[in-house]
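Undergrad: What follows is a structure written as structure tokens; I'll ask about it next.
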Amino acid sequence: MREPRDRSSLSGEDVVVIGGGFGGLSTACYLADAGADVTLLEKNEQLGGRASVLETDGFRFDMGPSWYLMPDVFETFFGHFDRKPSEYYSLSRLDPHYRIFFKDGDQVDMVPDLEANRETFESYEAGAGDAFDDYLRKSERNYEIGMEHFVYEHRDDLADFVDPDVLRYSWGLSLLGTMQDHVESYFDEPKLQQIMQYTLVFLGGSPHNTPALYNLMSHVDFNLGVYYPDGGLGAVVDGIVELGSELGVEYVTNAPVTAIKGQRGGFKVETTTADPGDGFAEGAAVADGGASADATITTGSGESYFPDLVVSDADYAHTEQELLAPRKRQYDADYWESRTYAPSAYLLYMGVEGDVEELAHHTLVLPTDWDEHFEQIFEEPAWPDDPAYYLCVPSKTDDTVAPEGHSNLFVLVPIAAGLEDTPELRSRYRQQVLDDIAENTGVDLRDRIVLEEEFCVDDFAGRYNSMKGSALGLAHTLRQTAPFRPGHESSKVDGLYFTGSTTTPGIGVPMCLISGLLTAETMGESA
């Protein structure tokens, strides 16, 4: 990948970064490397944003992201600072990458061996092995061109996409149409279509509203591989925090920002002392710190900060609607209400007695027809009647995340953002999900649970200030991709910038790392 653009104009600038998710952590590193004096303010008691860590009774759960994909992006990120990921955490490639239980009783593993996967596809549909090869070739080309010429480049305006060079690079890319249309042109078997589309969950979309360009995720899945960072995604957060500390970033936790006032050279960022219980799942014991002991972290006490520049990695809508005066907002409330949001999630974190042999580290449970579930997310919001869901059992790979003789397991059911979330609804759905797991995987957890915590729509809204309690942010629909996402630089407040999943390039840990680079470069060009 290319080297970052010159950011030397930021040297000596005093910058406050609001929010310690991957976008904020990444931006802070790039700014500090450019010579800026960077203070990062985090609302909660630990860094990582949605990649929080829950530790209790000998169990340690990644509360948010749990898939380590696109290792090349992490290598590029650390490489910008002449480091390697291996200096901060170690990786294990998973085998199988993941297991799928279809609700008609069928089961299939996707593995690191491409030939084995090709044979699996052929077993479902004559000619699907050759189609699998063709699909991955297209996916790889889209990935290589897309990453180099679109994802890592500033394409914030429609005019950028009619540039002759852009048109030359984009020739032959799957820019139009939906993922459903694209996958159907290769495979007739619905189960094979689902295997090629399950990654849409990471993009917050459905096969019918996500652009076909995102077929590049199959290259990520099959060719680049699925890994596990020892210690979980929290170990990656720790590594980036440690890197930032080495570069000079100061971290302040328990420091919710209440207002952003002023403009370039005259900002005032006001904070308050956090309520330790605010936004937590009831009874949850969220880990303190969540970062390397080598990082310098202080706790907030309601101070005000007076930086030259401000970057917000807090929820974009929250920043504009709650932290800025009305005249300083780029978008009104109607804009944010009208957006299509990625799903929220119903999450159960469980400590379980004994092993769960039937499950892999990553397991998907899918109805043979999942259209109804997507309709109940995007078209007619409701708690899904026949859900598609994900099970994560990191104790399959890492014996440090659960006490001896126990399994660490969580289940994630994508549900509509903004859905009604009450204790009664959760209780009823909990029983439905546990029954479904027993019926479709053969693992009956109901009498083996020794520890249990929930997280759902209201918790995403409370803990992360997430609009409508979305777990991810703006979905990657055609009208919310690339130049159609909110920008990195405020058009109303000089010196205010944005980073993270709502900006380009979008949703997911790797994309948020890249967002940090794009934000820092935008700041350098505007300084």
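FYI, it's all coordinate maths here, none of it is from the lab. Just so it is clear, the model here is predicted, and its values are computed rather than measured. Cβ atoms come from the backbone with ideal geometry, glycine included; neighbour counts cover every protein chain shown.
Undergrad: What distance in nm separates the simple spin-label points at Thr422 and Asp230, each placed 7 Å from Cα in the Cβ direction?
TA: About 4.9 nm, to one decimal.
Undergrad: Estimate the FRET efficiency between Arg430 and Ser304 by the formula 1/(1 + (r/R0)^6), using the beta-carbon distance for r and 41 Å for R0, to the nearest 0.05.
TA: 0.45
Undergrad: While we're here: Is the shape of segment 1-128 rounded, prolate or oblate, going by the alpha carbon gyration tensor and its root eigenvalues a ≥ b ≥ c, with a/c under 1.5 for rounded and a/b larger than b/c for prolate?
TA: prolate
Undergrad: Oh, and also: Based on Cα coordinates alone, diagonalise the gyration tensor for the chain, multiply each eigenvalue by 5, take square roots, and list the semi-axes in whole Å, largest first.
TA: 35, 28, 22
Undergrad: Treating cross-link reach as a plain straight distance, find the lysines whose alpha-carbon is under 23 Å from the alpha-carbon of Lys191, omitting any fewer than eight places away in the same chain.
TA: Lys103, Lys138
Undergrad: Determine the relative contact order of segment 340-462: mean sequence separation of Cα pairs under 8 Å and six or more apart, normalised by residue count, in whole percent.
TA: The normalised contact order for segment 340-462 reaches 41 percent.
Undergrad: Here's another thing I want to ask about it. Full-extension gain between Glu452 and Asp494, please, as 0.36 nm times their residue separation minus the C-alpha to C-alpha distance.
TA: Working it through step by step, the gained length comes to 10.5 nm.
Undergrad: While we're on this one: Checking the a/c ratio against 1.5 first, then a/b against b/c, what shape does the Cα gyration tensor give for segment 299-364?
TA: Taking the square roots of the gyration eigenvalues as a ≥ b ≥ c, segment 299-364 is oblate.
Undergrad: Follow-up. Which ordering of Asp458, Asp313, Asp371 is given by a fewest-first count of other beta-carbon atoms within 10 Å?
TA: Least to most surrounded, the residues fall as Asp371, Asp458, Asp313.
Undergrad: Right, next: Place the peptides 427-440, 214-227, 398-411, 463-476 in order of packing, highest mean first, counting for every residue the other Cβ atoms within 10 Å and averaging per peptide.
TA: 463-476, 214-227, 398-411, 427-440
Undergrad: Suppose R0 equals 30 Å; then what is the FRET efficiency for Asp134 and Asp386 from their Cβ-Cβ distance, rounded to the nearest 0.05?
TA: Rounded to the nearest 0.05, the efficiency is 0.40.
Undergrad: With a 10 Å Cβ neighbour count serving as the proxy for reagent exposure, in which order, fewest first, do Cys29, Cys392 appear?
TA: By the 10 Å Cβ count, ascending: Cys392, Cys29.
Undergrad: While we're here: What is the calculated FRET efficiency for Arg264 to Thr340, with r their C-beta to C-beta distance and R₀ = 35 Å, to the nearest 0.05?
TA: 0.60
Undergrad: Could you work out the pair-distance distribution P(r) of segment 340-462 from its alpha-carbon pairs, with 5 angstrom bin width and percents rounded to whole numbers?
TA: Result, from short to long distances: 2, 11, 21, 23, 19, 14, 8, 2, 0 percent.
Undergrad: Express the relative contact order of segment 373-527 as a whole percentage, based on alpha carbon pairs under 8 Å and six or more residues apart in sequence.
TA: Relative CO of segment 373-527 lands at 13 percent.
Undergrad: Still on this structure, please answer the following. How are the alpha carbon pair distances in segment 428-527 distributed across 5 Å bins from zero to the largest one, expressed in percent?
TA: 2, 11, 14, 15, 14, 11, 10, 8, 6, 5, 3, 1, 0
Undergrad: Further, regarding this structure: Could you give the DSSP H helices of the chain that reach 30 angstrom or more along their long axis (alpha carbon positions) and whose average Kyte-Doolittle hydropathy is no lower than 1.6?
TA: Taking the DSSP H segments of the chain (at least 30 Å long, mean hydropathy at least 1.6), we get none.
Undergrad: Taking the Cβ of each residue in Asp355, Asp315, Asp308 as the centre, tally the other Cβ atoms inside 10 Å and list the residues starting with the fewest.
TA: The order, fewest Cβ neighbours first, is Asp355, Asp308, Asp315.
Undergrad: With the crude spin-label approximation of a point 7 Å out along Cα→Cβ, what separation in nm comes out for Asp355 versus Asp95?
TA: For Asp355 paired with Asp95, the spin-label model returns 1.8 nm.
Undergrad: Using only C-alpha atoms and all pairs of different ones, pull out the Kirkwood radius for segment 14-59 in Å with one decimal.
TA: 11.5
Undergrad: What number, in percent, do you get for the relative contact order of the chain if the mean sequence gap of Cα pairs under 8 Å and at least 6 apart is divided by its residue count?
TA: Computed over the chain, the figure is 24 percent.
Undergrad: Between Glu115 and Ser526, what length comes free when the chain is fully extended (0.36 nm per residue of separation minus the Cα-Cα distance, one decimal in nm)?
TA: Roughly 143.0 nm would be gained on extension.
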